[in-house]
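Here is the structure we will look at, set down as structure tokens.
The values are calculated or read from the model by the stated rules, or taken from the named source; none is laboratory data. Keep in mind that this is a model prediction, so the values were computed, not measured. Neighbour counts run over all protein chains shown; Cβ positions are idealised from the backbone, glycine included.
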Amino acid sequence: MNVEAPRGKTVVVQATDIRKRYGGVVALDGVSLTVEEGEVFGIIGPNGAGKSTLFDVLCGITKPTSGQIEVLGHDVGTMTPHLVARAGVARTFQRTAVFGEATVYDNLRYGRHASFTHSVAGRIVGSSVYRREQAAFHHKAEEVLALSGLSDDRARLGNVLAYGVQRRLAVAVALMSEPRVLFLDEPAAGMNGRETADFISLIETIAPGRTVVIVEHDMTVIKALCGRALVVVDGRPVVVDAPERVFKHAEVISAYLGAEDE
Ligand SMILES: Nc1ncnc2c1ncn2[C@@H]1O[C@H](COP(=O)(O)OP(=O)(O)O)[C@@H](O)[C@H]1O
Ligand SMILES: [Mg+2]
């Protein structure tokens, strides 16, 4: 399947013929995709389709068995996750990864790590670089807290937050690095209807000026946010189209119905 971006747009994510095997399991079997600057792009498919594997490959956490990935012009397949982060890419994981023993405010520091350049010695003596980076951190943290509706939760520990709030914190942590590209793996999984609606409006607020890639099993979030979505079934790309149109494809319908029978 060949998926080309319309002419004149800047391509932010380009994956070409990605394959990934785990021993005898073929998790990805030739996936290509193109995401343009400013898009909110969805990746959907039944459980076990390969969405998380594709996600990990696109943001440099897992190396593909073969295929190329470029994000913001960088060859992600050869970069460490730390370098990918420095290049302007942030992500949240399918399983919530907030630090339960740290406050909301301290959790935000983890999102800023990749951009800190001060040394340990600089921190101890309070060097000018350290002070400048701390001031920038506090400024950014206030902005992100307000944006993500977490200002009143700043002093609470991660492990006492309601599930939907933890997920919003995970996005807030990702925003601390001021990413140009944001990858979200099943951000709304396990949320109730109210939490999902709040989450959708958070993403609507933060999406302008960025490129967002959302992996989801559930269609509510994809329909609300994404201009285009790629459907993956058994590690293969089936269709890329507007979310309301992909479910007209026979192969997509049968894959989802088949998955529900299991
Ligand atoms: N680390 C791994 N080792 C072995 N098999 C894996 C691993 N990660 C994923 N898989 C397998 O790859 C396939 C795709 O998994 P995954 O990408 O998690 O799908 P999805 O996110 O769409 O549910 C599944 O068959 C899964 O069991
Ligand atoms: Mg998954």
Filter the stretch 208-237 down to residues that are within 14 Å of ligand 2 (Cβ to nearest atom), surrounded by fewer than 20 Cβ atoms within 10 Å (Cβ to Cβ) and in a strand (DSSP E or B), then give me how many there are. 0
Over the stretch 52-73, the set of residues within 16 Å of ligand 2 (Cβ to nearest atom), assigned to a loop (DSSP other than H, G, I, E, B) and of a type in the set (Val, Ile, Thr) is Ile61, Thr62
Residue tally, condition charged (D, E, K, R), within 30 Å of Arg167 (Cα to Cα) and surrounded by 14 or more Cβ atoms within 10 Å (Cβ to Cβ), over the stretch 92-131: 3
Inspect all residues belonging to the stretch 61-69 and state whether any of them is without any contact (Cβ under 8 Å) to a residue 40 or more places away in the chain, surrounded by fewer than 16 Cβ atoms within 10 Å (Cβ to Cβ) and away from ligand 1 (no atom under 14 Å from the Cβ). no
Failed condition for Leu28, given (1) free of Cβ contacts under 8 Å to residues at least 40 places away in the same chain; (2) within 16 Å of ligand 1 (Cβ to nearest atom); (3) touching a Leu at 6+ places or on another chain (Cβ under 8 Å), with all others met? (1)
Before we move on, is Ala49 of a type in the set (A, V, I, L, M, F, W, C), in a loop (DSSP other than H, G, I, E, B) and within 14 Å of ligand 1 (Cβ to nearest atom)? yes
Checking Ala15 against (1) within 15 Å of ligand 1 (Cβ to nearest atom); (2) assigned to a strand (DSSP E or B); (3) over 16 Å from the mean Cα position of the chain (by Cα); (4) closer than 21 Å to Pro243 by Cα, which test does it fail? (3)
Residue hits (the stretch 176-207; over 20 Å from Arg112 (Cβ atoms) and in contact (Cβ under 8 Å) with a residue 60 or more places away in the chain) are Asp185, Glu186, Pro187, Ala189, Ile203, Ala207
Tell me, please, whether a residue that is outside any loop (DSSP other than H, G, I, E, B) and of a type in the set (Lys, Arg) can be found in the stretch 154-171. yes
Going by what's in this entry, would Thr196 be described as in a helix (DSSP H, G or I), of a type in the set (Ser, Thr, Tyr) and over 26 Å from Val71 (Cα atoms)? yes
Just need a number here: residues in the stretch 23-46 that are out of contact with any helix residue (DSSP H, G or I) (no Cβ under 8 Å at 6 or more places or on another chain), assigned to a strand (DSSP E or B) and not acidic (Asp, Glu). 8
Looking at (1) away from ligand 1 (no atom under 16 Å from the Cβ); (2) within 17 Å of Gly45 (Cβ to Cβ); (3) at pLDDT 90 or above; (4) touching a Ser or Thr at 6+ places or on another chain (Cβ under 9 Å), which one does Pro243 not meet, given that it meets all the others? (4)
State all residues of the stretch 23-44 that are at pLDDT 95 or above and on the phi > 0 side of the Ramachandran plot; if no residue qualifies, say none. Gly30, Gly38
Is it the case that Val76 is away from ligand 2 (no atom under 16 Å from the Cβ) and modelled with pLDDT of 95 or more? no
Enumerate the pairs (first residue in the stretch 89-117 and of a type outside the set (Asp, Glu); second residue anywhere and at pLDDT 85 or above and loosely packed, with under 15 Cβ neighbours inside 10 Å) with beta-carbon separation below 7 Å, excluding pairs fewer than 6 apart on the same chain, so at least 6 apart or on different chains. Gly100/Asn159; Thr103/Ala155; Tyr105/Ala155; Ala114/Arg86
